[in-house]
């Protein structure tokens, strides 16, 4: 059980480090900030988030293993996992759109900022509440 507790602590720590930059990217995408700034800062935030997301996946797989793969039968796990898989491509699309000169394309990243932010909130809720 000690292995589970230590891995869970590491998983949560890595999640905080990864979710923070993703939430910041979502807020930047929603703001009226200069779009070039969103693209530049977004790339920096994306580096931290991507590394953290990889570690989160590894610790999550180990947690599944330690618990006998029991969470695989829970619907909340699959909802959170599908949202998790969408985070990486979503952040890349936001940054790519924010990098463009076309104001219309840049404005299209704002709704994606909401999708990213709501996805993060749902994932955190599901991991905490495990309904």
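The values are calculated or read from the model by the stated rules, or taken from the named source; none is laboratory data. The structure presented is a predicted model; accordingly, all values stated were derived computationally and were not measured. Please note: Cβ atoms are built from the backbone with ideal geometry, for glycine as well, and neighbour counts cover all protein chains shown.
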**Q.** Unmet requirement for residue 65, which otherwise passes all of (1) modelled with pLDDT under 90; (2) out of contact with any helix residue (DSSP H, G or I) (no Cβ under 9 Å at 6 or more places or on another chain)
**A.** (1)
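Being within 19 Å of the chain's Cα centre (by Cα) and free of Cβ contacts under 8 Å to residues at least 24 places away in the same chain is the filter; apply it to region 21-50 and report the residue that is farthest from residue 124 (Cα to Cα).
Quick first cut of region 21-50, residues within 19 Å of the chain's Cα centre (by Cα) only: 21-31, 38-50.
Next cut, free of Cβ contacts under 8 Å to residues at least 24 places away in the same chain only: 24, 31, 40-41, 44, 47.
Values: 24: 15, 31: 23, 40: 27, 41: 24, 44: 23, 47: 21 Å.
Filtering region 21-50 for residues that are within 19 Å of the chain's Cα centre (by Cα) and free of Cβ contacts under 8 Å to residues at least 24 places away in the same chain, the one farthest from residue 124 (Cα to Cα) comes out as 40.
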